[in-house]
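First comes the structure, then the notes that go with it.
The values are calculated or read from the model by the stated rules, or taken from the named source; none is laboratory data. Quick caveat, the model's predicted, so the values are computed rather than measured. Reconstructed Cβ throughout: ideal geometry from the backbone, glycine too, with neighbour counts over all protein chains shown.
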Amino acid sequence: MKKNSKYISIILLCLGIVSGTLFSACKKGFLDEKVRNQTPNDFFSNPEAPFQLVTAVYNQLYEWQQHSFSWIGVTSIASDDAEKGSDPGDTGTDKDQLDKFTFGPSSLSFNELWVSNFTGIAKANQALYYLPQLANVDPSYALEVKFLRAYYYFNLVRMFGGVPKVEKSIVTQEDIAKANSRASKEEIYAFIEQDLNEAMNGLPALRSPDEYGRATKGAAQALLAKVYLYQKKWAMAKMMADNIINSGQYTLLSDYSKIWKESGEFSSESIWEVNCKGSDPNKGITGYFVVQAPRGAGGLGWGFNTPSLDLYNTYEVGDVRRDATIMKKGQTLWDGYTVNTTAPNERYNYKSYISKTLETFNGNDDQTTKNLRISRLGEIYLIKAEAELEIGDTANAKAALNVIRNRAGLANTTAITIEEIRDAIYHERRVEMAFEHDRMFDLMRTGRAGATLRKLGIPFVDGKHELFPIPQRQIDMSAGKLTQNPGY
């Protein structure tokens, strides 16, 4: 294999056990696992080895390249919900390009996200290879790993379309060739569905507090509902959403703003969160808070990913979600902190805010207690609404939509026609889920990205920008075996 190493993409470089190092992950309990060096014999005789293998896969969720600056840029700054922010001259490496749709295959963010998600997949494949070889392994461990692999692949297929389908650790020349060629989007989605169905049918419904953040049956169902939604498998998306809602395990929080505070972590609405902590030793999603915190004298952070005026103005009068989502310069926040009155941007992301006085914080801006809410019941109602509409049940579509509107302090929708209800659902997804890293993908999957962004002067090109470019570095490392998306 060594003579072929120059053709192996970066996705193959994450082999923690082979290198003798097991990766640590973070959480308030389950993922508090120290890095330790081991020989192969030590590993196979270590009763904690299965736990460490699974922990390694979770660990990728906390990386800078996974859920921080590049993810924020691609999912939010690129959309109509946000602008680059920060100072005009601070490009954020390529966040100005994402903001203005002048990016290309060499833009840094795409390569970081490609490498990070495939690193998560490599760790998952490694765990699935070793777990059967170990004694006394909890059978749910492999299902957690498959859930996480599905999540990493869902990120990739939404960004790039078809990508390499790497089902196991790289061993043979055939494996290398497969890792450097793209499977179709449909093949990737089928693989995701397979992993999630297995996970859904075997994972526990509940976790104890010291295991919060580990995958559950509900987490697999929620991700699967979303996967079906993206493929327009309406009946299956509805079924999965109904299963979650009718389980009685989850309920909406009455106070929308509480979802985003430390006191709202793992609430009755939460289905799956990346579990971080801000107490010694700090371990969180590297940079997630500080990248988006208000900028300037007396500010808290870098000031990127600022809410657009277009988003601010799209909220209806009386919608409590606007003030829970958007903070303004000069505003005094819930904990008494006043946003810098001379900040270079008018608005900042309130959902990413950490209180340094009334929440857990020990001085490390890079590693805070801000959990990333990935799946929650609020979105499940909106998935149900959209699926019900598309299979022809307008009454149930409006009923699901109104559950979300009423929680936001709004009256029932007045939409009547199918087109009006569809627009109302799209609007509700935007204001309910702003800055939850779905807006750009929602525009793409519904075919509205071009018309929406061009109205704002963003040069979205139909037939090109529905997918992001395959990173040029990956194409080069594959010796041209990876093909580029159209138009780049």
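Taking the range 444-463 as the range and being within 23 Å of the chain's Cα centre (by Cα) and of a type in the set (D, E, K, R) as the test, the residues that pass are 445, 448. For residue 347, the requirement of being of a type in the set (Lys, Arg), buried (at least 19 other Cβ atoms within 10 Å of the Cβ) and at pLDDT 95 or above is met.
Of the helices (runs of 4 or more DSSP H) contained entirely in the range 1-114, those carrying at least 1 residues that are farther than 30 Å from residue 455 by Cβ and at pLDDT 95 or above fall at 49-59, 64-67.
Sub-6 Å Cβ pairs linking a first residue in the range 423-452 that is closer than 19 Å to residue 157 by Cβ to a second residue that is among the basic types (Lys, Arg), at least 6 apart or interchain, are 441/158; 442/429, ordered by first then second residue. Note on the range 284-306: among residues that are more than 18 Å from the chain's Cα centre (by Cα) and among the small types (Gly, Ala, Ser), the one that is modelled with the lowest pLDDT is 297.
Scanning the range 161-182 for residues that are among the charged types (D, E, K, R) and more than 22 Å from residue 147 (Cβ to Cβ) returns 174, 175, 178, 182.
Quick one: would you say residue 303 is surrounded by 14 or more Cβ atoms within 10 Å (Cβ to Cβ), touching a residue at least 24 places away in the same chain (Cβ under 8 Å) and at positive phi? Taking the combined requirement at face value, the residue satisfies it. The condition of being buried (at least 17 other Cβ atoms within 10 Å of the Cβ), among the small types (Gly, Ala, Ser), more than 20 Å from residue 73 (Cα to Cα) and outside the structural domain of residue 161 (by TED's automatic domain parsing) holds for only one of 434, 451, 424, that being 424. In this structure, does residue 137 turn out to be in the same structural domain as residue 58 (by TED's automatic domain parsing), part of a helix (DSSP H, G or I) and hydrophobic (A, V, I, L, M, F, W, C)? Judged against the criteria, residue 137 is not a match.
Kindly indicate whether residue 95 is in contact with a strand residue (DSSP E or B) (Cβ under 9 Å, 6 or more places away or on another chain), surrounded by fewer than 20 Cβ atoms within 10 Å (Cβ to Cβ), touching a residue at least 24 places away in the same chain (Cβ under 8 Å) and farther than 22 Å from residue 196 by Cβ. Here the answer is no, as residue 95 does not meet what is asked. Checking the structure you have, find out if any residue of the range 307-321 is in a strand (DSSP E or B), farther than 21 Å from residue 405 by Cα, among the polar types (S, T, N, Q) and modelled with pLDDT of 95 or more. Looking through the range 307-321, none of the residues is in a strand (DSSP E or B), farther than 21 Å from residue 405 by Cα, among the polar types (S, T, N, Q) and modelled with pLDDT of 95 or more.
Against the list (1) within 30 Å of residue 147 (Cα to Cα); (2) part of a loop (DSSP other than H, G, I, E, B), the condition residue 392 fails is (1). Do the conditions hold for residue 107, that is, is it surrounded by 24 or more Cβ atoms within 10 Å (Cβ to Cβ), touching an Asp or Glu at 6+ places or on another chain (Cβ under 6 Å) and hydroxyl-bearing (Ser, Thr, Tyr)? So residue 107 fails the test. From the list 222, 293, the one residue that fits, being over 30 Å from residue 89 (Cα atoms) and either crowded, with 21+ Cβ neighbours inside 10 Å or hydroxyl-bearing (Ser, Thr, Tyr) (or both), is 222. Anything in the range 322-347 that is within 20 Å of residue 255 (Cβ to Cβ) and outside any loop (DSSP other than H, G, I, E, B)? List them, or say none. Within the range 322-347, 322, 323, 324, 325, 326, 327, 332 meet the criteria.
Looking at 134, 148, which one is farther than 20 Å from residue 460 by Cβ and modelled with pLDDT under 95? Exactly one residue qualifies, and that residue is 134. Looking across 415, 424, 400, one residue alone is of a type in the set (A, V, I, L, M, F, W, C), at pLDDT 95 or above and in a loop (DSSP other than H, G, I, E, B). It is 415.
One line per residue, one yes/no per condition, for (1) free of Cβ contacts under 8 Å to residues at least 12 places away in the same chain; (2) under 18 Å from the mean Cα position of the chain (by Cα):
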site	(1), (2)
175	yes, no
180	no, no
185	no, no
192	no, yes
214	no, yes
221	no, yes
224	no, yes
227	no, yes
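Restricted to the range 170-283, the set of helices (runs of 4 or more DSSP H) holding at least 1 residues that are at pLDDT below 95 and outside the structural domain of residue 410 (by TED's automatic domain parsing) comprises 173-179. Scanning the range 385-399 for residues that are among the aliphatic types (A, V, I, L, M) and free of Cβ contacts under 8 Å to residues at least 24 places away in the same chain yields 395, 399. Each residue in the range 229-262 was checked for being within 21 Å of the chain's Cα centre (by Cα) and among the small types (Gly, Ala, Ser), and 3 pass.
Considering the conditions (1) assigned to a loop (DSSP other than H, G, I, E, B); (2) surrounded by fewer than 23 Cβ atoms within 10 Å (Cβ to Cβ); (3) of a type outside the set (D, E, K, R), residue 367 is excluded by exactly one of them, (2).
Residue 258 fulfils the conditions (1) surrounded by fewer than 20 Cβ atoms within 10 Å (Cβ to Cβ); (2) in contact (Cβ under 8 Å) with a residue 12 or more places away in the chain; (3) closer than 21 Å to residue 435 by Cβ; (4) of a type in the set (D, E, K, R) except for a single criterion, (2).
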